[in-house]
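*Asks:* Take a look at the following structure, please.
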Amino acid sequence: MATTVVAEDTGQAKARVGDRVFSGFALAAGIAILVALAGVFIFLAIEGIPGLAKPAEFYGDASNFWGYVAPLLFGTVLAAIIALIVAVPLAWGIALVVSHYAPKRVATPIAYVIDLLAAVPSVVFGLWGISVLAPQLKPVYVWLDENAGWLPFFAGPASGTGRTILTAGLVLAIMIIPIITAISREVFSQTPRLHEEAALALGATRWEMVRMAVFPYARSGMVSAVMLGLGRALGETMAVAMVLSAGGGISFNLISSTNPASIASNIASNYKEGTPGKIQVLIATGLVLFLVTFLVNFAARWIVTRNERKLAR
């Protein structure tokens with residue numbers, strides 16, 4: 001009996017040591033992320049704040065920094081919104097097919113293919129967008145100009161190259177679909193089986209079951225997936241820089257060549273040849289993008305927490 005008690009105490013002690021080690025690693029990882037985030041912010045602030053008050057010649061056609069960064073921020077947000085409008089319904093639909101509709105022998109290959117898209121470098125997406133997608137969209141833009149030109153989004157004239165903000169948004173949509181799909185698929189599959197069976201037993205169709213049982217349970221995860229996709233779209237550099245033929249200015253015209261550039265693509269295009277003063281201006285625009293991304297993620301976390309509290313009630 002004494003031997004058994006000693007063995008149990010030894011096992012518990014080992015378990016407690018393992019818990020402490022794991023807790024220490026987890027805490028160190030969390031602190032490392034915060035330190036890295038603070039380091040990035042400090043660097044952007046030190047190097048970028050002087051760029052806020054440079055003479056007018058550093059801002060191109062704008063007279064001050066805010067006039068310079070406003071079109072870039074507008075282009076960044078517009079391309080990201082287009083990407084979300086296209087990607088979110090497709091990603092949620094694919095996630096539902098994989099988790100609830102398709103048989104396993106079909107769902108598994110679909111999931112693998114979607115996950116593989118996340119491993120494709122952004123440069124490859126940019127090359128595909130400029131070489132394949134943009135030329136194929138030129139007739140579509142002409143048609144939109146002729147038949148839907150009364151809308152400000154398709155007022156034209158249609159771009160002769162297809163390298164528009166809409167093309168960039170479509171490329172971004174394809175790039176963020178794997179992220180949103182993977183997270184949504186996981187939260188959909190974690191819906192309690194009893195909730196689904198109860199809905200079906202009450203006479204609900206499969207779609208009604210998804211709407212009444214799956215979506216409410218997975219709402220916070222769905223919001224998190226969309227916000228992660230939005231973060232990827234806001235910060236994407238090379239694909240947008242390669243696809244977008246930026247003409248400057250703020251315009252809602254999605255099919256013309258008068259496209260606003262994004263902050264990330266503008267930095268990538270001008271950093272190498274920039275003078276020290278111009279580099280400070282570019283870093284200042286990076287600081288703006290950092291703050292916008294931080295606010296977006298903060299808002300997303302607030303929404304997720306609010307939904308979790310509602311579900312807990």
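The values are calculated or read from the model by the stated rules, or taken from the named source; none is laboratory data. Just so we're clear, the structure is a prediction, and the values are computed from it rather than from any experiment. No Cβ is skipped: glycine too gets one built from the backbone with ideal geometry, and neighbour counts run over all protein chains shown. Just so you know, the surface numbers come from the protein's heavy atoms only, side chains and all, with ligands and any DNA or RNA stripped out. Shrake-Rupley method; radii C 1.70, N 1.55, O 1.52, S 1.80 Å.
*Asks:* Pick out which of ALA198, ALA26, ALA241 has the largest mean-square fluctuation in a Gaussian network model of the chain, springs linking Cα atoms closer than 10 Å.
*Replies:* ALA26
*Asks:* Projecting each Cα onto the charge dipole of the chain (Lys/Arg +1, Asp/Glu -1 at the beta carbon, about the Cα centre), which of LEU84, PHE154, GLY129 comes out farthest on the positive side?
*Replies:* Most positive-ward Cα: LEU84.
*Asks:* On the accessible surface of the chain, probed at 1.4 Å, how many percent belong to carbon and sulfur atoms?
*Replies:* Numbers: 11870 of 17140 Å².
Carbon-and-sulfur percentage of accessible area, whole number: 69.
*Asks:* Quick check: the angle from helix 165-189's long axis to the longest principal axis of the chain, C-alpha only, nearest 10 degrees?
*Replies:* Roughly 10 degrees between the two axes.
*Asks:* Now, a different point. Which of rounded, prolate or oblate describes the range 1-157 when judged by the alpha-carbon gyration tensor and an a/c cut-off of 1.5? It would help to have the intermediate numbers written out before the result.
*Replies:* Numbers: a/c = 3.90, a/b = 1.52, b/c = 2.57.
Because a/c hits 1.5 or more and a/b fails to exceed b/c, the range 1-157 counts as oblate.
*Asks:* Per residue, how many Å² of accessible area does the chain show with a 1.4 Å probe? Write out the running numbers ahead of the final one.
*Replies:* Details: 17140 Å² over 313 residues.
In whole numbers, the chain has 55 Å² accessible per residue.
*Asks:* Size of the chain along its principal axes in angstrom, Cα-based, largest extent first?
*Replies:* Ordered largest first, the chain gives principal extents of 85, 53, 37 Å.
*Asks:* Might you report the magnitude of the Cβ-based charge dipole of the range 52-312 about its Cα centre, with Lys and Arg at +1 and Asp and Glu at -1, to the nearest 20 debye? Display every interim value, and only then the final one.
*Replies:* On the way: 17 positive and 12 negative charges, 120 e Å.
Taking the Cα centre of the range 52-312 as origin, the dipole is about 580 debye.
*Asks:* Rank PRO121, PRO71, PRO260 by mean-square fluctuation in a GNM of the chain with C-alpha springs under 10 angstrom and give only the top-ranked residue.
*Replies:* Comparing PRO121, PRO71, PRO260 in a Gaussian network model of the chain, the most mobile one is PRO121.
*Asks:* Still on this structure, please answer the following. Under the rule of at least 5 residues apart or a separate chain, name every residue whose amide H is placed under 5 Å from the amide H of ASN259.
*Replies:* Answer set, sorted by chain and number: GLY247, GLY248.
*Asks:* Between the helical axis of 215-235 and the dominant principal axis of the chain, each derived from Cα atoms, what acute angle in degrees is found, rounded to the nearest 10?
*Replies:* 40 degrees
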